[in-house]
Amino acid sequence: MVESIHNADSSDAKHDSKSLPHKDEVYRIYSKIDILYILRDMMQKNTLITLYFDRSNQFILTSILALDENKNEMLIDVGAEPKFNEAALASKHLTFITSQNRIKIEFTCDQIKTKQFEGRSAFAVELPASLIRMQRRNYFRISTPTTKPLKCIIPLQTRDTPTKAEITLLDISCGGIGVIDHHPVIHFDPGVSYHNCQIDLPGTGRITTTIQVKNTYEITLKGGQTCKRAGCQFIDLPKSMEIMIQRYITKQEQTRINS
C-alpha cells in the first residue's frame, strides 16, 4: 500500500486528457506492444503513479502490481485512506500521470474495481488503449544483447567487385537503429543513406531496408572504450518487417523479465 494524498495544487489539476494541448497528441501511442513495454518497465521499477479521479484535484498515489495481457487487466495498489479509495471506485473517469526517466507518461480509464492480489486488496483496471509518452521519438528502443549483438549487413559497390560491410547494432526500434561507427569504409555522416541493408533477428526473421543516418555523437561503452554512435532511421520500412521488429523486441523484453 502506498501513501494516499487527496489534494493537489490547483496548477496540477489540469490532468484531463481532453484538456491536453493538441500538440501533445503526436506523442500518443496506440501499439499494445509498446504500451505493455512501458507498463512493465514501470512495474519493474515500482514507479509511483498519481491517480486522479473525476476530473478533480483529488488523487491517490499508486503503483503497478501486476499485468495480465490475456484478461486485458492491470492491478494497482490501493491508497492508504479508505475514503479516497471509495471515491476512486465511484469515479467514471480516472487519469494516471507519472514520470519515467524524466519523461511524462499519462493515460486514462473509466472503470475500476477491487480485487485480491497476494492476499491483500488491490484495484483492477483495464489496460489503457493508448497513452501519451512525452518524448521526441515515437518508437521504443531496446538495447541489443552484448554477448551476441545484432549485425547490420550493408552492401557496398566498389570499383572491382560488390562487397558487404558488417556493422554492430547498439539498439533497435521500429523507427531505426543505433550503430557503432568505426568501420573503415562506411561513413556515417548525417543525411547519408544505405540501401538493401539486412538485419537478422534471431527467432523472428530478416529485415531488408534502407537506412538513413540522422545523427552521430560520442559514447563511452561499459568497458570504458570511447566510440561514436550513429543513429539511423529506417526509410519506407514495410509493415510486415515492422511487425517482425515488434516481435523481436517483445521476446527480448520477456527474456529480460524472466531472467
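Condition first: β-branched (Val, Ile, Thr), assigned to a helix (DSSP H, G or I) and under 23 Å from Ile180 (Cβ atoms). Now tell me which residues in region 224-255 satisfy that.
Ile245, Ile249, Thr255
Does region 200-215 hold any residues that are in a strand (DSSP E or B) and either touching a Gly at 6+ places or on another chain (Cβ under 8 Å) or in contact (Cβ under 8 Å) with a residue 40 or more places away in the chain (or both), and which are they?
Matches in region 200-215: Asp200, Leu201, Ile211, Gln212, Val213, Lys214, Asn215.
Given the structure, is Phe117 among the aromatic types (Phe, Trp, Tyr) and at pLDDT 85 or above?
For Phe117, the condition - among the aromatic types (Phe, Trp, Tyr) and at pLDDT 85 or above - is met.
Restricting region 243-259 to residues that are of a type in the set (A, V, I, L, M, F, W, C) and modelled with pLDDT of 80 or more, which is surrounded by the most Cβ atoms within 10 Å (Cβ to Cβ)?
Of everything passing the filter in region 243-259, Ile245 is surrounded by the most Cβ atoms within 10 Å (Cβ to Cβ).
Given the criterion within 21 Å of the chain's Cα centre (by Cα) and not acidic (Asp, Glu), identify the matching residue among Ile245, Ile211.
None of the others qualify; the one that does is Ile245.
Has region 202-210 got at least one residue that is modelled with pLDDT of 90 or more, open to solvent by 30 Å² or more (accessible area, probe 1.4 Å) and hydrophobic (A, V, I, L, M, F, W, C)?
So far as region 202-210 goes, no, none of its residues is modelled with pLDDT of 90 or more, open to solvent by 30 Å² or more (accessible area, probe 1.4 Å) and hydrophobic (A, V, I, L, M, F, W, C).
Kindly evaluate Cys197 against the criterion of being touching a Gly at 6+ places or on another chain (Cβ under 8 Å), in a strand (DSSP E or B) and surrounded by 17 or more Cβ atoms within 10 Å (Cβ to Cβ).
no
Out of region 174-201, which residues are touching a helix residue (DSSP H, G or I) at 6+ places or on another chain (Cβ under 7 Å) and modelled with pLDDT under 90?
Cys174
Counting only residues that are open to solvent by less than 50 Å² (accessible area, probe 1.4 Å) and under 14 Å from Arg141 (Cβ atoms), which one in region 221-241 is modelled with the lowest pLDDT?
Selected residue: Arg229.
Which condition does Glu218 not pass, out of (1) at negative phi; (2) open to solvent by 30 Å² or more (accessible area, probe 1.4 Å); (3) touching a residue at least 24 places away in the same chain (Cβ under 8 Å); (4) among the charged types (D, E, K, R), if it passes all the others?
Exception for Glu218: condition (3).
Which of the residues spanning region 51-60 are at pLDDT below 90 and part of a strand (DSSP E or B)?
Tyr52, Phe53, Phe59, Ile60
Since Val213 meets every condition but one in (1) farther than 27 Å from Asp41 by Cα; (2) in contact with a Cys (Cβ under 9 Å, 6 or more places away or on another chain); (3) open to solvent by 40 Å² or more (accessible area, probe 1.4 Å), which condition does it not meet?
So the condition that Val213 fails would be (3).
The values are calculated or read from the model by the stated rules, or taken from the named source; none is laboratory data. A quick note: this is a predicted structure, and the numbers were derived from the prediction, not measured. Using ideal geometry, Cβ is built from the backbone for each residue, glycine included, and neighbour counts are taken over all protein chains shown. To get the accessible areas, we keep the full protein, side chains included, count just its heavy atoms, and leave off ligands, DNA and RNA. Shrake-Rupley method; radii C 1.70, N 1.55, O 1.52, S 1.80 Å.
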